[in-house]
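This report refers to the structure that appears directly beneath it.
The values are calculated or read from the model by the stated rules, or taken from the named source; none is laboratory data. Computed from a prediction, not measured in an experiment: that's the story for all the values here. Cβ: placed from backbone, ideal geometry, glycine included. Neighbour counts: every protein chain shown.
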């Protein structure tokens, strides 16, 4: 029972704290209207969080903070700092450099939240690492969606969303202190910059990384845009209160990824990691292509597309990190996973920043089409990995 209770508490803590991630993105149109933000400035509100997370992960890895500090206290301190930075955003001009810096800081401290939670979940693993990592990614998914339900309840008052997010983060940080650490908790291998080259020279690890990079090109852009895509479709169909309806369905669609991540972890441990990731990438890539022709269709058809998309786009996420852990030597895992995350989130930063420009140029009908390059690239990489002998190390030989 201790394992189940700890994992449930851990997941809930993650959901609450990770609501900080998209707190400004969820109300970006309202913030943009009040402060007269440009398209680039709107995109920067989300991109700054991602950039902060990349830098935070690298700093944490180089200083080995996850091992040198008690993980639950580290998580709590990061949650409190993130909550403070989120609240401070209310007191500044959203178009200023200070506002971007505050969003950057919010992302940076997430490096002490998401990776720490994943490490604590894996400390309970016993032949079910894929499922446990998938469980934490499921929590990340719901946490990322939470600001949209805050926005739905808060109406047009964007400040309420940020206040709710900060309160949630504080509660999540405190809740983490009740989580027990599993018996398999081990210190991570230290980050070694000299081994970064191996992420490119080792063929199997390179292909697993390529799969992840293709996945990340799509994931955060979909999360950042799907709610507004649904809203635009509702407005196009003349629905009353299209903005509130879009927020509600956006929250539900993104949150449905919770089941995608769980099912992905469960299946990957049984049918193999490459099989699961290839299937997920193909489905999400097809949704990228269908989003254009279906824009303007009957609302529930577009909602159904959003649900399928949000389930598929996250189902494979945990399995790329799990694959790297299985393909790496134990002493190299810290460097390999840090490098994978840093590059992957840097790629996500680019696509998130470009998405508003694509919307402004071609409209929501075709804004997601460029994202299909990610799933195609990722699926081809994982197919090649599947054919390599090293793939026998994945999921107990299930590839």
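What the table below lists for this structure:
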{"quantity": "Residue check, residue 49 assigned to a helix (DSSP H, G or I), within 19 Å of residue 345 (Cβ to Cβ) and either more than 20 Å from the chain's Cα centre (by Cα) or not assigned by TED's automatic domain parsing to the domain that holds residue 14 (or both)", "calculated": "no"}
{"quantity": "Check on residue 219, closer than 16 Å to residue 336 by Cβ and surrounded by 24 or more Cβ atoms within 10 Å (Cβ to Cβ)", "calculated": "no"}
{"quantity": "Qualifying residue in the range 362-370 (condition: modelled with pLDDT of 85 or more, within 21 Å of the chain's Cα centre (by Cα) and assigned to a helix (DSSP H, G or I))", "calculated": "yes"}
{"quantity": "Breaking point among (1) surrounded by fewer than 24 Cβ atoms within 10 Å (Cβ to Cβ); (2) modelled with pLDDT of 85 or more; (3) assigned to a helix (DSSP H, G or I); (4) in contact with a helix residue (DSSP H, G or I) (Cβ under 8 Å, 6 or more places away or on another chain), for residue 296", "calculated": "(3)"}
{"quantity": "Index of the failed condition, residue 61 passing every other in (1) over 20 Å from residue 159 (Cα atoms); (2) under 20 Å from the mean Cα position of the chain (by Cα); (3) at pLDDT 85 or above", "calculated": "(3)"}
{"quantity": "Answer from 241, 269 - the residue that is within 18 Å of residue 138 (Cβ to Cβ) and more than 20 Å from the chain's Cα centre (by Cα)", "calculated": "269"}
{"quantity": "Test: residue 111 is touching a helix residue (DSSP H, G or I) at 6+ places or on another chain (Cβ under 6 Å), surrounded by 22 or more Cβ atoms within 10 Å (Cβ to Cβ) and in a helix (DSSP H, G or I)", "calculated": "yes"}
{"quantity": "Residues of the range 132-149 classified as surrounded by 24 or more Cβ atoms within 10 Å (Cβ to Cβ) and farther than 30 Å from residue 323 by Cα, total", "calculated": "2"}
{"quantity": "Residues that are assigned to a helix (DSSP H, G or I), over 22 Å from the mean Cα position of the chain (by Cα) and more than 11 Å from residue 119 (Cα to Cα), drawn from the range 64-78", "calculated": "68, 73"}
{"quantity": "Condition met for residue 107 (closer than 15 Å to residue 18 by Cβ and either without any contact (Cβ under 8 Å) to a residue 60 or more places away in the chain or in contact with a strand residue (DSSP E or B) (Cβ under 7 Å, 6 or more places away or on another chain) (or both))", "calculated": "no"}
{"quantity": "Candidate set: the range 17-46, residues that are under 14 Å from the mean Cα position of the chain (by Cα) and in a helix (DSSP H, G or I); chosen: the one surrounded by the most Cβ atoms within 10 Å (Cβ to Cβ)", "calculated": "17"}
{"quantity": "Some residue of the range 130-142 being within 15 Å of residue 185 (Cα to Cα), assigned by TED's automatic domain parsing to the domain that holds residue 69 and in a helix (DSSP H, G or I)", "calculated": "yes"}
